[in-house]
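Reviewing the structure listed below.
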Amino acid sequence: MSLDDIPIQIAPPQEGPSEMPKALLHEVWELLQAVCAGRSVRERIDLHGLPLSPADYQQLQQLLGRGEVSALIEASGRSEVFETAVAGVWWLRDFGADERLVAEYLEITALPLMLMTHHDDLCAAVALLQQQLSAE
Amino acid sequence: MKKADTLGDELRRQGISRRTFLKFCAAMATSMALPASMAPVMADALAATRRQSVIWLSFQECTGCTESILRSYAPSIESLIFDFISLDYHHTLQAAAGRAAEDARDQAMQENWGKYLVIVDGSIPLKDGGIYSTIDGHTNLETLETVAAGAAALISVGTCAAYGGLPMARPNPTGAVGVDEIIKDKPVINLPGCPPIPEVMTGTIASFLTFGRLPEMDRLGRPVAFFGDTIHDRCYRRPLYERGKFARGFDDEGARKGWCLYALGCKGPITYNACATIKWNQGQSFPIQSGHGCLGCSEPRFWDKDSFYKPLSATHWGNAAGLAAAAAAGAAVGAGVAVLSRRHQDTIAKGE
């Protein structure tokens, strides 16, 4: 028996998107403006915690579109990153090792932190490579 | 790990990159309703900390809280919390036993005096000198007072440690109380629930690790981030309550259609917790979504608040007339119940 076999019907959600996607787009525009003017390097909008209906979600995806870059990251579970058609607006989804969506957010920046190698990791790599070279 | 190493250094050696910290913190920020821009700040702070010594004390309890935080399914991003702490003492989980176990606790206390975090599950019996629960010849009260003396803060996990829970249910034969009835000179935060939601526990610990202090609390000592709203406030069936659509039996048409469970005794309107948003079992569901009303397990004295299956209107607000009015008046009464739930919280909590 699966969950679908339980004869409970959830009340149908409101048809069509709400005003939320357009409100979000205004917020994105303001943050993008701040990054463009150099008042900020990086901004984020948490999508996971917002009460977006499936229709809202779909409309937000349509409004932002898909851009030129997409990437998959494996760090204690999968993460998906893509730049939207609005340059500098990135859409990120983090999954746990159990494949559950644990975070979803927009990052407004030139390059998302998840794609950058942290300086500490880079320095640790220097030591690791040195070790390997010494062993040869 | 060398004492001077940061958490970032140690985990990097284990192959855990800063990206993993970022993911963990993004998940924590989401669950705690923190601004998304806090996640990178949290990740930097967490990477720069030392591994936190944690002493877990189990008193009058059923181990359900430990089961909840450990969980039995596939490892999740939240379970990384176990890489961020040094769990120096835990009856159920530690390999050591007997004297060796107690020595491990003493050693952790000595080495981290004033800095370690104490997590307590279970209530503390005070009647007859506290003889109803002892460990290594010491009453739970003695152990708690001794260990708390060197703690930076205490976290009471579960309704038993927070408010006395099931052992405190009438007639409370052991004189059980919660931690904050005893410890008055240290910060104590309550994470009630029977058991508490795993993400609430990991989120609170992560918050302490990254900010160096316990998060903002409500008047019952609970983190506002997780206990700021009632189950009813955030329930997906709330619109059906507003429309007066109630299930009146577990097998009637209303139940099959997923209508509001208020008439079947749901305690959602007076229960503050995050079940309706974070949910359980990897975000799969929560009791109301599975067709059963909320029992109110994160509220003080929930065991003594009459039948789980009596509607709130019949138990606390006089009679079933309130329910009939709710069905008729819909939204107005819905708002009224929300106000009443907050106003009468203290009265209801005392089981009066």
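Can you tell me which residues in region B:278-292 are surrounded by fewer than 21 Cβ atoms within 10 Å (Cβ to Cβ) and either within 23 Å of residue B:70 (Cβ to Cβ) or more than 10 Å from chain A (Cβ to nearest Cβ) (or both)?
Result: B:278, B:279, B:280, B:281, B:282, B:283, B:284, B:285, B:287, B:290, B:292.
Mind telling me which of the residues B:16, B:55, B:69 ends up being in contact with a helix residue (DSSP H, G or I) (Cβ under 8 Å, 6 or more places away or on another chain), assigned to a loop (DSSP other than H, G, I, E, B) and either more than 8 Å from every other protein chain (Cβ to nearest Cβ) or of a type in the set (A, V, I, L, M) (or both)?
Checking each option against the conditions leaves just B:16.
Keeping to region A:75-108, report how many residues are out of contact with any Ser or Thr (no Cβ under 9 Å at 6 or more places or on another chain) and within 12 Å of another protein chain (Cβ to nearest Cβ).
5
Out of all the residues in region A:48-68, is one or more at pLDDT 90 or above and within 12 Å of chain B (Cβ to nearest Cβ)?
no
When you scan region B:77-90, do you find a residue that is assigned to a loop (DSSP other than H, G, I, E, B), under 30 Å from residue B:274 (Cα atoms), touching a strand residue (DSSP E or B) at 6+ places or on another chain (Cβ under 9 Å) and away from chain A (no Cβ under 14 Å), even just one?
yes
Would you check if residue B:236 is within 23 Å of the chain's Cα centre (by Cα) and modelled with pLDDT under 95?
Against the criterion (within 23 Å of the chain's Cα centre (by Cα) and modelled with pLDDT under 95), residue B:236 qualifies.
Any idea which of (1) at pLDDT below 90; (2) outside any helix (DSSP H, G or I); (3) basic (Lys, Arg) is the one residue B:310 doesn't satisfy?
All conditions pass for residue B:310, except number (1).
Just one of the numbered conditions (1) assigned by TED's automatic domain parsing to the domain that holds residue B:79; (2) touching a Gly at 6+ places or on another chain (Cβ under 9 Å) is not true of residue B:202; which one?
(2)
Yes/no matrix, rows are residues, columns are (1) closer than 12 Å to residue A:109 by Cα; (2) within 17 Å of the chain's Cα centre (by Cα); (3) of a type in the set (Phe, Trp, Tyr):
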| residue | (1), (2), (3) |
| --- | --- |
| A:22 | no, no, no |
| A:28 | yes, yes, no |
| A:34 | yes, no, no |
| A:41 | yes, yes, no |
| A:44 | yes, yes, no |
| A:51 | no, yes, no |
| A:55 | no, no, no |
| A:59 | no, yes, no |
| A:64 | no, yes, no |
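The values are calculated or read from the model by the stated rules, or taken from the named source; none is laboratory data. Model, not experiment: these values are computed from the prediction. Note that each Cβ is placed from the backbone with ideal geometry, even for glycine, and that neighbours are counted across all protein chains shown.
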